[in-house]
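Quick notes on the structure that follows.
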Amino acid sequence: MTTRAQRLLLLLAAVLGVACALLVAAPAGWLGAALASASGQRLQLAETRGSWHDGSALLVLRGGANSETATLLPGRLTWHVGLGRLWRGQVDLHMDDAALSAEPLRLEAQWRPGVWRLRQRAPWKGTVPAALLQGLGTPWNTLALRARLDLSVRGLDVQVADGRAQLHGDAQLDAMDVQSRLSQVAPLGSYRVLLHGAGASATLQLSTESGPLQLRGQGQWNGRQWRFEGRGSAAPQRAAELASLLGLLGEPAGDHVRIVF
């Protein structure tokens, strides 16, 4: 190898070394910008600290790019991205927010040309206030719900290839003692949402655990979009008080309203 070729190789190695160093040291703000762009400005990071692979921030929920509503997630979100297997197209994700859960969320991300996969490494459960949903805009900011949301996720495995997604795993959301500023009836009830992923399809089931506002329905996902159809009704002794709220939830159909999205 000639002296000139050796110099070129050394220069290339130096450039690559500097580029890798800059990438590893990239600030957490870079991650915030990427998250905001990917979510259509619905998820944002504020007061970021540290780097993109080892940092913390406040998580903000918004209704979109032009939304004036925003809600802060309780506590401070911290994250760590394990880079030990980056050469294989794989990283380990560790996210923690003590205000939401006593246990961190552990994920594994993999990618190769045209395919990426996100897999849960351990079951997770946490509790958040329903008031957070107001930051997502309509209809949540109109309903202004108050409740405790208990979420548990296990076996989550999402894979996207050629624009189609496959979803495996189960999630359960319990909305306890739900209230709304649009109704003087309090609580409206407690509800459970069950999600089951079966690969190229998934199902969603909504049921009422208790309360005068009765909601139930089922949804299906075909790998590209969701379709949900349900119904809402009121206990006979509360029908007059809940008529207006039911009218906002769906289209009248006899003694109930039809909820479709």
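Here are a few things to note about the model shown:
- Exclusive hit being aliphatic (A, V, I, L, M) and closer than 27 Å to R62 by Cβ, set L213, L195, L242, L246: L195
- Among (1) touching a residue at least 60 places away in the same chain (Cβ under 8 Å); (2) in a strand (DSSP E or B); (3) surrounded by fewer than 17 Cβ atoms within 10 Å (Cβ to Cβ); (4) of a type in the set (V, I, T), the one test that T138 misses: (2)
- Filtered by the rule that a residue be more than 11 Å from A130 (Cβ to Cβ), of a type in the set (A, V, I, L, M, F, W, C) and part of a strand (DSSP E or B), the range 164-195 gives A165, L167, A171, V193, L194, L195.
- Residue check, G84 among the small types (G, A, S), on the phi < 0 side of the Ramachandran plot, out of contact with any Leu (no Cβ under 7 Å at 6 or more places or on another chain) and at pLDDT below 85: yes
- Residue match in the range 215-229 (condition: acidic (D, E) and part of a helix (DSSP H, G or I)): no
The values are calculated or read from the model by the stated rules, or taken from the named source; none is laboratory data. The structure presented is a predicted model; accordingly, all values stated were derived computationally and were not measured. Cβ coordinates were reconstructed from backbone atoms using ideal geometry, including for glycine residues, and neighbour counts include every protein chain displayed.
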